[in-house]
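Engineer: Got a structure for you, questions after.
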Amino acid sequence: MAGCSLCNRFSPLVARSIGVCRQCLRERPEEALSIVQRSHAKARADFGLPPSPPRGNPGLPCNLCAAACIIPEGGIGYCGIRGVRGGRMWSLSGIDYGLLSYYLDPHVTNCCNAWFCPAGTGCGYPRYALSNGPELGYYNLALFLYGCSFNCLFCQNWTHKILSSGRRVTSRELVDLTLRNDRITCWCWFGGSAEPQLPFAINTSRILLEEKGGRVCRVCWEWNGDGNRALVKRAAELSLVSGGNVKFDLKALDAVLHVALTGMPNEQTLKNFELVYREFYNERRDVPVLGATTLLVPHYVDEEEVSNIAKFIAELDDTIPYNLLVFHPDFLMSDVPITPERQVLGCYRAAKKYLKNVTVSNLHLLAKKSSQSFRRPVM
């Protein structure tokens, strides 16, 4: 059983990698974060990544995400995708090549937005969907990008940190593969997160949309959302015109909790969420271009936190889809159990007070009887 290093509270829900309880994060933030940051530094050192965004002086700036690295000679950026050698910036990802792996994921996929998207529901037919219902027998090309601008201690795709496992893939390879296979109706960029490789992902998506002709092929993003604002806008516009959507993973609204869980602040993520809403949401309300998810980390992402996230979303528009994800143990939080059923139900009710379209995913992790408590809304 783990315990809080500050108040000595013992609970199976206090993660060893965080080392402090939720109450101390609220009441003693500076002390609590100093403890958590040691875990973040160790987690990154194990993969050869810098403990925090570098601030070299002198150094070369990278502006692709909120980390805003200034990389010194011989150093690498926070994501590990870029570095400086001989006074020049090198990168594992460029305009026409990236570091990734990919595979075909059958529809209806396990995408967190499948409950309201054209692939899962047929909404937007015939412009954005092949049928009035789910696109059974068709595929999403899942594009797993290596690197990330966050350092989530619970990361369930943590292998993105093993950069040597990624493959250099060109834009032409992905576009040609798709054009040869008319069963591919979606592209989904995920990882990791897209921010460190947005120039490549945006350019490749643009080429696809220019060459696909009249066929349905949507472009979607699953990201932490802290990217360069101009690039975020360009990426979201590709989703708008293709029938795709943008999924922001809102880890936490509370700034201290967000740093504890991810190692990074959330200010840019929240600003970008609002940017995508204001620029694009009302352009296509019947086929939502924007959605949010929150992982229900036991003990930490509680009803109060979900309530605050839901209020933030509702202040923009209470119809924005919101998906709560049941947590399963992984990476440095493998000592924490699956989200307790009481927490899941409490968080769902808290979100429903403010938002009209709320659902819960990963219900298979709970007892079968739990799934009867949640009903997916009709969009």
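Engineer: Mind counting the residues in region 257-297 that are open to solvent by 10 Å² or more (accessible area, probe 1.4 Å) and assigned to a strand (DSSP E or B)?
Structural biologist: Residues in region 257-297 being open to solvent by 10 Å² or more (accessible area, probe 1.4 Å) and assigned to a strand (DSSP E or B): 1 in total.
Engineer: Right, something else. State the number of residues belonging to region 121-166 that are touching a residue at least 24 places away in the same chain (Cβ under 8 Å), over 13 Å from residue 108 (Cβ atoms), open to solvent by 50 Å² or more (accessible area, probe 1.4 Å) and of a type in the set (Ser, Thr, Tyr).
Structural biologist: The qualifying residues number 1.
Engineer: Report yes if some residue within region 91-111 is surrounded by 16 or more Cβ atoms within 10 Å (Cβ to Cβ), closer than 22 Å to residue 190 by Cα and without any contact (Cβ under 8 Å) to a residue 12 or more places away in the chain; otherwise report no.
Structural biologist: Looking through region 91-111, at least one residue is surrounded by 16 or more Cβ atoms within 10 Å (Cβ to Cβ), closer than 22 Å to residue 190 by Cα and without any contact (Cβ under 8 Å) to a residue 12 or more places away in the chain.
Engineer: Do you know which of the residues in region 52-62 that are within 12 Å of residue 75 (Cβ to Cβ) and open to solvent by 70 Å² or more (accessible area, probe 1.4 Å) is nearest to the chain's Cα centre (by Cα)?
Structural biologist: 55
Engineer: Does region 8-32 hold any residues that are surrounded by fewer than 17 Cβ atoms within 10 Å (Cβ to Cβ) and in a helix (DSSP H, G or I), and which are they?
Structural biologist: Answer for region 8-32, where residues must be surrounded by fewer than 17 Cβ atoms within 10 Å (Cβ to Cβ) and in a helix (DSSP H, G or I): 23, 26, 27, 30, 31.
Engineer: Under 8 Å between Cβ atoms, at least 6 apart or on separate chains: pull out the pairs that start in region 32-59 with a residue that is touching a residue at least 24 places away in the same chain (Cβ under 8 Å) and end on any residue that is among the aromatic types (Phe, Trp, Tyr) and not in a helix (DSSP H, G or I).
Structural biologist: 49/78; 50/78; 52/78; 53/78; 54/78
Engineer: Looking at region 68-91 only, could you name the residues that are over 21 Å from the mean Cα position of the chain (by Cα) and among the hydrophobic types (A, V, I, L, M, F, W, C)? Don't jump to the end; show me each part of the working.
Structural biologist: To start, the set of residues in region 68-91 that are over 21 Å from the mean Cα position of the chain (by Cα) comprises 70-76, 83-91.
Passing the criteria: 70, 71, 76, 84, 89, 90.
Engineer: Can you work out which of the residues in region 167-218 that are of a type in the set (Gly, Ala, Ser) and more than 22 Å from residue 231 (Cβ to Cβ) is least open to solvent (accessible area, probe 1.4 Å)?
Structural biologist: Residues of region 167-218 of a type in the set (Gly, Ala, Ser): 171, 191-194, 201, 205, 213-214.
Then keep just the ones that are more than 22 Å from residue 231 (Cβ to Cβ); that gives 213-214.
Numbers: 213: 54, 214: 85 Å².
Out of the qualifying residues, it is 213.
Engineer: Considering only residues that are among the polar types (S, T, N, Q) and either assigned to a strand (DSSP E or B) or in contact with a Pro (Cβ under 7 Å, 6 or more places away or on another chain) (or both), which ones fall in region 169-197? It would help to see each step written out before you state the result.
Structural biologist: The first filter runs over region 169-197 and keeps only residues among the polar types (S, T, N, Q), leaving 170-171, 178, 181, 185, 193, 197.
Once the filter is applied, which keeps residues that are among the polar types (S, T, N, Q) and either assigned to a strand (DSSP E or B) or in contact with a Pro (Cβ under 7 Å, 6 or more places away or on another chain) (or both), region 169-197 yields 170, 185.
The values are calculated or read from the model by the stated rules, or taken from the named source; none is laboratory data. Remember, predicted model here, so these are calculated numbers, not experimental data. Ideal geometry is used to build each Cβ from the backbone, glycine not excepted, and the neighbour counts take in all protein chains shown. Just the protein is used for accessible areas: all its heavy atoms, side chains included, with ligands, DNA and RNA removed. Shrake-Rupley method; radii C 1.70, N 1.55, O 1.52, S 1.80 Å.
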